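Asker: Got a structure for you, written out below as structure tokens; questions coming shortly.
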Amino acid sequence: MVTNIDFINKTQNIALGLMIPFNNPNNGVFVLSYTTRDQMISNFKNLLLTAKGERIYQPNFGTNIQKLLFEPNVEDITSNIIDDITSATLIYCPYINIQKITVRNLDNLLALVIDIVFNLVNNPYMETLALNINQYGEVQI
């Protein structure tokens, strides 16, 4: 378990990684993250947007959210989605503490919205991500 994370990058001119989404509307190049907090959230988004089996040499990385979308609409589909996100986060992003996951089905738009409230280890500030999945299985954060 991760117990101590420094949320400040002490070398501000050195990027830690890429921000998600990748596109930068201002100049078309990648947006870089310069803080540990921003990179941790980008890593979490990457986990949620990756389908299991999509990543070479790491077939268990990601979630089955897109696959679950097309399962029959039964009572336990919501709990399956929550379990899938929670278990993937525990393994690949142990620095994320999920506080609450809400799954909403927008019948009139044939869409699914997943709201995730979380905080980073050693940081009480709550963050929120909303995943919007349309009827084609496309996921947007």
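The values are calculated or read from the model by the stated rules, or taken from the named source; none is laboratory data. Just so it is clear, the structure is predicted and the values come from calculations on it, not from any experiment. Glycine gets a Cβ as well: all are built from the backbone with ideal geometry, and neighbour counts include every protein chain shown. The protein model used for the area step is the full one, side chains on, heavy atoms only, and it has no ligands, DNA or RNA in it. Shrake-Rupley method; radii C 1.70, N 1.55, O 1.52, S 1.80 Å.
Asker: Mind listing just one residue for me: the one in region 51-81 that is open to solvent by 70 Å² or more (accessible area, probe 1.4 Å) and of a type in the set (A, V, I, L, M) and, of those, modelled with the highest pLDDT?
Answerer: Among residues in region 51-81 that are open to solvent by 70 Å² or more (accessible area, probe 1.4 Å) and of a type in the set (A, V, I, L, M), the one modelled with the highest pLDDT is 56.
Asker: Another question about this same structure. Suppose we keep only residues that are of a type outside the set (Val, Ile, Thr) and under 15 Å from residue 48 (Cα atoms) within region 101-126. Which one would you say is farthest from the chain's Cα centre (by Cα)?
Answerer: Out of the qualifying residues, it is 112.
Asker: Being part of a loop (DSSP other than H, G, I, E, B), over 16 Å from residue 77 (Cα atoms) and of a type outside the set (Ser, Thr, Tyr) is the filter here, so list the residues in region 87-133 that pass it.
Answerer: 93, 94, 121, 122, 123, 124
Asker: Taking only region 127-141 into account, find how many residues are within 15 Å of residue 68 (Cα to Cα), surrounded by 12 or more Cβ atoms within 10 Å (Cβ to Cβ) and either more than 12 Å from the chain's Cα centre (by Cα) or of a type in the set (D, E, K, R) (or both).
Answerer: 3
Asker: Among the listed residues 125, 95, identify the single one that is without any contact (Cβ under 8 Å) to a residue 60 or more places away in the chain and of a type in the set (Phe, Trp, Tyr).
Answerer: 125
Asker: All but one of (1) part of a helix (DSSP H, G or I); (2) over 15 Å from residue 47 (Cα atoms) hold for residue 83; state the number of the condition that does not hold.
Answerer: (2)
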